[in-house]
Amino acid sequence: MAGRKALGHRTHDGEGTDHVKRSAFKNPWLPILLLVPQLSIIAVFFYWPAGYAVQTSFFLQDPFGFGSTYVGLENYTDLATSTNYLDALKFTAVFTTVVTFFSLGIALLLAVKADKVIRGARSYRTLLMWVYAVAPPVAGLMGVMLFDQSRGNLTQLLQSFGWDFTLGVSYWDTAFAMMTVSVWKQIPVNFIFFLSGLQAIPNSVREAALIDNKSSMGRFWDVTFPLLAPTGFFLLIINITYALFDTFGIIDTIVKGEPGNNPMTLVYRVFVDGFRGGDLGGSSAQSVVLMILVLILTVVQFRLLERRIHYT
Amino acid sequence: MTDISQTSAPAKQPVIMGRRRIRMSDVVDHAVLILGALLMLVPVYMIFASSSHDAITIHREGLQFGFGEHFAANYNAALFEYGGFTDSVNGVTMLTNSLILGLGFAIGKIIVGMMAAYAIVYFRLRFATFAFWIIFTTLLLPLEVRILPSYEAIQAMNLANTYTGLIVPLIASATATFFFRQFFRSIPEELIEAARIDGAGPVKFFIDILVPLSRTMIAAMFIIMFVFGWNQYLWPTLITTDESLFTLVRGIRQIIQAYADGSTTPEYGEAAALAIIAMTPPVLIVVFFQNWFVKGLTESDK
């Protein structure tokens, strides 16, 4: 997660690798020595696995482990026709949209308020960000206890509203629990970025806005919101990648490791098909689809961030 | 109509009402923030309160708001009682493993990243562009999308159920390298010129000037990376089948499976205690070092 964050901030330097310090050292072997640990780790644990995934995605694994046969794009066409996979795709789209929308919305509201108050500002900041440090599966465990079918406190609350909530039985009830926990877990990150984005708005701009526009709602939509747009775009990508990948621990705990007919995201499917089903080729093809998805997101991110320069 | 006349009424007395209105909006601001804080706090508080109750109470009534009498017993069991299939793991073992993973990951990543960033920023290298792209492509694909082949690679190297297999593959993403590259580039050019005039070689410059200058950045990176490492779930789940290598977060999975099993009443109180133990160290670090943490998180674009 931190990685995609850092990447998103690659903005001001215009992607120059030419920007070596002018008075750089010219020692020929030392830099190579310095790069060896990083390069060897990524060669073994990044490029090899990634390449292997692409390669296996074109093969069909023998179910008894006796080698594999080249099947071309069959694994991919299988995916495109698999109802299970298409269901996961649909669910992932809904899940990502809901989680992104609510975690961004709630965090933005809280950040705007935290930026406004003077008294207790620091305490609020602490109280609203510390959940960042709670591991997703721990959050998932709390969700399991709170949404428990027979004794969950939130289940009982929902039942008192007439919602017969059944975690693990009803598809959308389980999905609701997953989304609630995922939103809860993501609010702190969004809050921190929105707050720091707000605090970066110069006082002169705020004062000018105050003179021009009396209503605080109007000020927010006309001045603050556009100025926050770059942060918002950046967070949008962060949240999509969060919903796609980092919610694994939440989903795995809420379905209790036994997905059955419960909703599943694409990443969870890769895991289930690859490690439970032993479908190496199919799982690899899914990995490759995800890689392409992430690459598209990254390209979009760069396009949006190029625009960021016009704002600031 | 009535609604409109009601809302416009306060405007008739601008001075008093104006003042009052500011106060009203303050009240709303604080109310929203307090609600937000409670939203974050209450679920964790309930787990904490429940960690002081016995399993039967929680089994019957759900998570608790008040404190019970089984606090010491639950934490004692969560920390010291051996469990699992082989009876070879307890809370202390998992705590130690979580610490090893968090520290190993953070320190490893910072060292590897600083070295690589130093090479990229401060040296003239013929293949610098190539190295840059090779390294920074890793930021694009998280471990989750290449999880199965990474697992196969570890198996092939016989590194499953080792700390190396647990930690090193997680380092294979260049976040720290990128972070330090950005920071090094913001350091004034004059510094290295002055250092060279004084006759400092590359090693001396790195150790005596660059590392001390990067202290805050190292601290910020350390906090983020420690929390990130501590909270890892998928990779430890796959790579450690030997229970003596379980981390706390990995241990949560065992609790969940006891739930799914359903044959006996799960030890809810102990599970809650373990969840609290699992979240306490990273939460304390983030709270106590929050300035560094926020800096590391948001200011990596310098």
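Couple of notes before you dig in:
- Residue check, residue B:292 closer than 16 Å to residue B:105 by Cβ, touching a residue at least 24 places away in the same chain (Cβ under 8 Å) and of a type in the set (Phe, Trp, Tyr): no
- Within segment B:260-282, being at negative phi and surrounded by fewer than 18 Cβ atoms within 10 Å (Cβ to Cβ) holds for B:260, B:261, B:263, B:264, B:265, B:280.
- Among the criteria (1) within 19 Å of the chain's Cα centre (by Cα); (2) under 19 Å from residue A:295 (Cβ atoms); (3) aromatic (Phe, Trp, Tyr), the one residue B:132 does not fulfil is (1).
- Checked against (1) under 28 Å from the mean Cα position of the chain (by Cα); (2) more than 7 Å from every other protein chain (Cβ to nearest Cβ), residue B:199 passes all but condition (1).
- Scan of segment A:204-246 for residues that are within 30 Å of residue B:250 (Cβ to Cβ) and more than 10 Å from chain B (Cβ to nearest Cβ), ordered by number: A:235, A:237, A:238, A:239, A:240, A:242, A:243
- Test for residue A:148: is it assigned to a helix (DSSP H, G or I), farther than 30 Å from residue A:199 by Cβ and either facing another protein chain (nearest Cβ under 8 Å) or in contact (Cβ under 8 Å) with a residue 60 or more places away in the chain (or both): no
- Qualifying residue in segment A:253-268 (condition: buried (at least 23 other Cβ atoms within 10 Å of the Cβ) and in contact with a Lys or Arg (Cβ under 7 Å, 6 or more places away or on another chain)): no
- Residue B:255 vs. criteria without any contact (Cβ under 8 Å) to a residue 24 or more places away in the chain and either among the charged types (D, E, K, R) or part of a helix (DSSP H, G or I) (or both): yes
- Within segment A:94-125, considering residues that are among the charged types (D, E, K, R) and assigned to a helix (DSSP H, G or I), the one surrounded by the fewest Cβ atoms within 10 Å (Cβ to Cβ): A:122
For (1) under 20 Å from the mean Cα position of the chain (by Cα); (2) within 11 Å of another protein chain (Cβ to nearest Cβ), each residue gets a yes or a no:
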{"site": "A:73", "(1), (2)": "no, no"}
{"site": "A:78", "(1), (2)": "no, no"}
{"site": "A:90", "(1), (2)": "yes, no"}
{"site": "A:99", "(1), (2)": "yes, no"}
{"site": "A:105", "(1), (2)": "yes, no"}
{"site": "A:115", "(1), (2)": "no, yes"}
{"site": "A:118", "(1), (2)": "no, yes"}
{"site": "A:122", "(1), (2)": "no, yes"}
{"site": "A:134", "(1), (2)": "yes, yes"}
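- Where helices (runs of 4 or more DSSP H) fall entirely within segment A:197-312, those with at least 1 residues that are under 26 Å from residue A:72 (Cα atoms) are at A:266-271, A:280-311.
- Across segment B:227-237, not a single residue is classified as crowded, with 19+ Cβ neighbours inside 10 Å, small (Gly, Ala, Ser), more than 30 Å from residue B:81 (Cβ to Cβ) and under 20 Å from the mean Cα position of the chain (by Cα).
- Looking across segment A:68-93, the residues that are surrounded by 14 or more Cβ atoms within 10 Å (Cβ to Cβ) and of a type outside the set (D, E, K, R) come down to A:68, A:71, A:75, A:76, A:79, A:82, A:85, A:88, A:89, A:91, A:92.
- Of the residues in segment B:54-67, none is under 26 Å from residue B:230 (Cα atoms), acidic (Asp, Glu) and either within 14 Å of chain A (Cβ to nearest Cβ) or touching an Asp or Glu at 6+ places or on another chain (Cβ under 9 Å) (or both).
- Leading residue by the ranking (surrounded by the most Cβ atoms within 10 Å (Cβ to Cβ)) among those in segment A:207-242 that are of a type in the set (D, E, K, R) and within 18 Å of residue B:25 (Cα to Cα): A:219
Rule-based calculations on the coordinates, nothing more; no lab input. Note that the coordinates shown come from a computational prediction; the quantities given were computed from them, not determined experimentally. All Cβ positions, even for glycine, are placed from backbone atoms using ideal geometry, and neighbour counts span all protein chains on display.
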